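Heads up: the structure comes next, in structure tokens.
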Amino acid sequence: MTETTSNATPSPVEGIKSRSRLLRGTITEGLQDGATGSLAEPDTHLLKFHGSYQQDDRDLREERRLQRLEPAYSFMIRTRLPGGVCSPEQWLALDDLATRHANGTLRLTTRQAFQLHGVIKRDLKQTLAAMNAVLIDTIAACGDVNRNVLASVNPDESTLHAAAHAWAVKISEHLLPKTRAYHEIWLDGAKVSEDEETEHIYGPTYLPRKFKAAVAIPPHNDVDVFAQDLGFIGIPETEGPAALAGFNVVAGGGLGVTHGDAATFPRLADVLGFVSPEHVLAVAEAVVTTQRDLGDRSNRKHARLKYTIETMGLGPFRAEVERRAGLHFDPARPFEFRTSGDRFGWTRGENDNWHLTLRIPAGRIADRQTETGEVRGLSGLRSIATMHKGSFRITPNQNLLIAGISAAQRPLIEKLVREHGLDLHERASPVRLDALACVALPTCPLAMAEAERYLPDLITRIEERLALHGLAGTPLLVRVTGCPNGCARPYLAEIGLVGKAPGRYNLHLGGDAAGQRLNTLYRENVGEAAMLAALDPLFARYAAERQTAERFGDFLWRSRIL
Amino acid sequence: MKNANQARLSPVPIEPARGAALLNLSRGVNAPALHYMAGFLAGIAAEREQAADTTAFDPGVAASTESAAHATVLFASQTGNGRRIAERLHRQLESHGLSARIVSTADFRPRELAAERLLYVVASTHGDGEPPDDARELFDFLNGRKAQRLERLSYSVLSLGDSGYPKFCETGRQLDERLQTLGARRLAPRADCDVDFETAADVWTQHAVALARTHLQSPHIAIISTVPVASAATAGRDNPIEIELLASTRLTGRGSQRAIVHLEAAAPSPQLDYEPGDAVGIWHANPQFVADDLAAAIGADPESRVALDGIERTLREWLLQHREITRLSRPFLDAHARRAASPELDALRSTNDGTGLRDLLRYWQPLDLLERWTGAWTPEDLVRALRPLTPRLYSIASSREAVGNELHLTVAVVEYARGAARRVGAASRYLTTMDPATDSPLRAYIEPNPRFRLPADPSRDIIMIGPGTGVAPFRGFLQQRIESGASGRNWLFFGGRHFASDFLYQTEWLEARRSGTLHRLDVAFSRDQREKVYVQHRLTERGAELLQWIEGGAHIYVCGDAQHMARDVHAALRAALVTHGGRSEERAEAQLAQLANERRYARDVY
């Protein structure tokens, strides 16, 4: 392992990182160049570490090429928001930025973050500064570092949720890059010589690839903990008041794949063992530094922690982590996940507070006409944020929980939700409620096919087929991504579509409803008609042969169709 | 090519400075004119040989001894019409055996006036009564304290203008009055020519020749024809050639308030030979819907026959091909006002404070008048009152070195609403709605612009200031500099409304910058932020570097809007000289005048 990485030529991005003076590059100069809406190519890699991706409207590329105009460049900005929790004041600030500087939408991501899309270069600094003014930063939201840390959204157990959230914050902050580049570039912070800085954990070239961490509280696996590089499964005390005894640590999950590259594959995380809370940060740091030193820096498609573990073997990896953390894992404690989905609607929490989980299709909050009627989500949530006293929580399924609503305010919020068409949880089918899609076209540079824009139609087609077999109203987990990198975690869905080319997808079948089983490639590179033709006989058999409450994915496994 | 020319000149027995001056004189002059110049010089040589005068030629001495015996045709012209009229007069004088020289105000030293005896001036007016750039020095001289009395001078002025502007023929009018004030004798009344200048110009020219025959006695220098003057090879205003439009693509992106189109047309050599900086003249046809609306507005059948000066065509043909129907002229306005007898219109016409008359002439089309104020017109009267169709000039946006036998244009589409009606600019509409695959060819000719040329010395830096479609010639400039491997640096200032949609030729500029052939690129987009930002603001920000470039010998070029941009840019340049060069306002202004005089500060503004 170490031999292969040290002998192979580092990938070009490694050179960009090492020459970047701890992520500075020439971003500041590039922001001042009014003749182009883009940054210099090396800087676009560095910009990710600052929480932003350079994109362009791919729908307009050819048209603009003929007009002798450069692509319509804009920037996606992603927040670092551990556990997806924000205050109404923060919400209003983000809403204002989305309206003034972005494309009028807020997007909730599968990593519990906000994304602004379509921010043009000359507004970038102002937008980031305004976010920081309400204490939301974007450091390490993207890039080869530990990204936003997920935490289960658990409305029934406010104490445990608070604990999970607190750990997500601690892990995130412990693993933050230490460079002052972010403050210098975006916040006019004083210039610091990079000689005076040290990245104690990351070193000057950071990690070989992105790194994802999550904290889950069973029985809810909304964070899809087995899809993470590093996961902490909260184990409650068996006696006394609600509190966490510690965590089962899992490592080496990851869904990203490269089409046609057999050396890449989706992988579920392995359980390393149990640790008590005081060891969480040491273990997190040990896993990160192991990956830092032993990960593959020559091939970015083979650089995630899952490949490091595959190459080392689980035993040696666990031993290396124990050595670095200075501890031994206890045997993992029992836990049970029952669902990876969200529970929509009203729930009563502790202290007589109410929580409301809203369905936000594809996480896109906008005022617009949709397949299910007019939704004025942005306006509605602005109104709610203006009067709401509790908090907002983004779920890892791109939905929104309005937490801590007093009984007195409940009717008012209920009214605003209805008035603005945000009451999908009362109207939409189970398939529509649980589906996920990444952004894909037109802005994601990686997209090979549509995802977010295609999802509503796709569900309509699937539901037509379900209805033909008397399956209307049956829950089914559908996820679509525009490329094989897996942002919407398609490899864990009962029906997962992975984009290959415009209108063509790989069809994966057979995930479970709790994020504990990878699905299987069932049809390769097919269009919609072929996908539906493939599903039709499977729905027929499912309708005829399923057991009570048996999910479609489980049925496909039990009946050995897959 | 230019290097080859210099090499050929060096063995000639004249001192290097004079060789350089000769080279300078030939710059930007087309082949027929060069042959003519050669012949002219040969004629002088023959005369000297006859007089056994082998001494060096001294223009100062020559002027004082010969001016009494010759006529000088002085032209101040921006678009070339003036030069054409001056050349015609000069040719006719020559053909009558009269001694005459022709000189542009750019090359004319005002002090020479005192030595002149017979002077013909052809002067054009631009924008809001402005003289052409290179006539400013003459104007300043005549209006200043250095102006001498000109009692021995006889003169006549032909003034060119556009009655679509309130200060019609202002330059010629002022020159005419000033020369008289200084004691010169006006031989013939001034001829004020509108856009359809041909007839009035012919009358004035014939009169001028007749006057010269009575005022000049001494024999003139014969022109020795060294090479046949084969001007037929070149297409001209009155003998355009038909060329194919090859491509038409929109340059402005979605969300732009302006449609600006890039056109590529065939440019056969030699008929359409051009240099970067030149313009192409294009004869357009009017939009049929405007012609038919006009016919309807006077209650006439577009198919009715109309005879005028012995030519009979249908009314529609007259209006489509032969008359200006989208530009309002002063004579037409006056003619319609007489028919309409509207107190409102008369009141508007008599207010010349920048609202009434000026707005009418600038923003109204003939159709607007007819629809707003009724007046009885016969088809014949209408055709007679409308001005003949004139070609439109567009700066060429390419270099032959880069595009071969093509020429490229950057055309802004003029289109706006007046009430419920749609109004269009006839020529831009004609060009931009043309289908390259199916439509009939364009009729075009080259309008040389010798005052707007790249430096002959390729090592000179150039500063190009061209917002909007003013950037067109600079695309040609940069192509030429790249193709010729010029070592001087290139700096472009561009401006528009919105970065996202109005950055004309953005990818080409960026590619040139990336490849190191465009050394500086500064842009200003006026409507992307609360406060409007224009190119002059960028000039001010870059003042210190501008000064360095200028002091290093850089040439400055400005192209585009004359009304505001060119003035603001001029002020910004002056301010840069003051702020960073420690000059007084007056010294800075004088330095810019000096640069203009040396053709290091050239403007192509309209």
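The values are calculated or read from the model by the stated rules, or taken from the named source; none is laboratory data. Everything quoted here is computed from the prediction, not taken from an experiment. A quick note on method: Cβ atoms are made from the backbone with ideal geometry, for glycine too, and the neighbour counts reach across all protein chains shown. Protein only, heavy atoms only, side chains kept; ligands, DNA and RNA dropped before computing areas. Shrake-Rupley method; radii C 1.70, N 1.55, O 1.52, S 1.80 Å.
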For chain B, what's the relative contact order in percent, using C-alpha pairs closer than 8 Å and at least 6 residues apart? 13
For chain B, max minus min Cα coordinate along each principal axis, in Å, sorted largest first? 75, 62, 49
On a C-alpha basis, how far is the centre of region B:274-339 from the centre of region B:562-582 in Å? Whole number, if you could? 41
Residues of region A:56-78 buried by at least 10 Å² on assembly (accessible area, 1.4 Å probe, chain alone as reference): A:60, A:63, A:64, A:66, A:67, A:68, A:69, A:70
Name the residues of region B:238-266 whose accessible area falls by at least 40 Å² when all protein chains are present instead of the chain alone, probe 1.4 Å? B:251, B:254
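Give me the number: length gained by fully extending residue B:563 to residue B:440, i.e. 0.36 nm times residue separation minus the C-alpha to C-alpha distance, one decimal in nm.
Details: separation 123, 0.36 × 123 = 44.28 nm, distance 3.52 nm.
Contour length minus the Cα-Cα distance gives 40.8 nm.
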Nearest-0.05 FRET efficiency for residue B:334 and residue B:459, computed from C-beta distance (R0 51 Å): 0.40
The protein assembly as shown: Cys lacking any partner C-beta under 4.7 angstrom: A:86, A:142, A:444, A:483, B:169, B:193, B:559
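For chain A, what is the calculated [θ] at 222 nm in deg cm²/dmol (nearest 500), taking -39500 (n - 2.57) for each run of four or more DSSP H residues and dividing by its residue count? Please report the intermediate quantities before stating the final value.
Details: 19 runs with 187 residues, N = 562.
Mean residue ellipticity, 222 nm, calculated: -9500 deg cm²/dmol.
Would you kindly work out the equivalent ellipsoid of region B:87-197 from its C-alpha gyration tensor and give its semi-axes, the square roots of five times the eigenvalues, largest first in whole Å? Mind showing how you got there, number by number?
Details: eigenvalues 87, 69, 33 Å².
Over the Cα atoms of region B:87-197, the ellipsoid semi-axes are 21, 19, 13 Å.
Counting other Cβ atoms within 10 Å, which trypsin sites (Lys or Arg not before Pro) in region A:459-562 have at most 12 and lie in a DSSP loop?
For trypsin sites (Lys or Arg not before Pro) across region A:459-562 that sit outside H, G, I, E and B with at most 12 neighbouring Cβ atoms in 10 Å, the list reads A:560.
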Charge context of residue B:591, other residues only, Cβ under 15 angstrom, K/R +1, D/E -1: -1
State the antiparallel share, in %, of DSSP beta bridges confined to region A:189-276, rounding to the nearest 5. 80
Separation of the residue A:9 and residue B:362 label points, Cα + 7 Å toward Cβ, nm: 6.3
Kindly point out which whole DSSP H helices in chain A project their C-alpha atoms 30 angstrom or further along the helix axis while averaging a Kyte-Doolittle hydropathy of 1.0 or above. none
Counting Lys and Arg as +1 and Asp and Glu as -1, what is the net charge of the other residues whose Cβ lies under 14 Å from the Cβ of residue B:209? 0
Selection from B:465, B:417, B:605, by position along the positive dipole direction of the protein assembly as shown (Cβ): B:465
Within region A:344-370, backbone nitrogen closer than 14 Å to the virtual label 7 Å beyond the Cα of residue A:407 toward Cβ: A:348-355
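Suppose every Lys and Arg Cβ carries +1 and every Asp and Glu Cβ carries -1, with no other charges. What dipole size does the protein assembly as shown come out with about its Cα centre, to the nearest 20 debye? Intermediate values should be presented prior to the final figure.
Values: 138 positive and 144 negative charges, 94 e Å.
Result for the protein assembly as shown is approximately 460 debye, rounded to the nearest 20.
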What are the principal axis extents of the Cα atoms in chain A, in Å, biggest first? 67, 57, 52
Can you give me the Cα centroid spacing of region A:8-69 and region B:111-172 in angstrom? 57
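With a 1.4 Å probe and every protein chain kept in, tell me what percent of the accessible surface of the protein assembly as shown is carbon plus sulfur.
Working: 24570 of 47470 Å².
Accessible surface attributable to carbon and sulfur in the protein assembly as shown totals 52 percent.
When only DSSP loop residues count, what GluC sites (Glu not before Pro) in region B:282-328 have their Cβ near at most 13 other Cβ atoms within 10 Å?
Listed in order of number, the matching sites are B:303.
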For residue B:38 paired with residue A:521, estimate the spin-label separation in nm (one decimal), with each label point 7 Å from Cα along the Cα-to-Cβ line. 7.6
With a Förster radius of 30 Å, plug the Cβ-Cβ distance of residue B:416 and residue B:242 into 1/(1 + (r/R0)^6) and report the FRET value to the nearest 0.05. 0.45
So for the pair residue A:99, residue B:380, with labels modelled 7 Å out along Cα→Cβ, what separation do we get in nm? 6.9
Are there trypsin sites (Lys or Arg not before Pro) in region B:464-548 that DSSP puts in a loop and that have at most 14 other Cβ atoms within 10 Å, and which ones? B:527, B:530, B:532
The protein assembly as shown, accessible area per residue, ligands and nucleic acids excluded (1.4 Å, Å²): 41
Any idea what log10 I(q)/I(0) is at q = 0.05, 0.08 Å⁻¹ for the protein assembly as shown, Debye with uniform C-alpha scatterers and no solvent? -0.51, -0.95
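For chain B, what is the calculated [θ] at 222 nm in deg cm²/dmol (nearest 500), taking -39500 (n - 2.57) for each run of four or more DSSP H residues and dividing by its residue count? It would help to have the intermediate numbers written out before the result.
Numbers: 23 runs with 233 residues, N = 606.
About -11500 deg cm²/dmol.
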Interface B:A - total buried accessible surface [probe 1.4 Å, Å², rounded to 100]: 1500
How large is log10 I(q)/I(0) at q = 0.29 Å⁻¹ when the Debye formula is applied to the Cα atoms of region A:315-371, each weighted equally and without solvent? -1.17
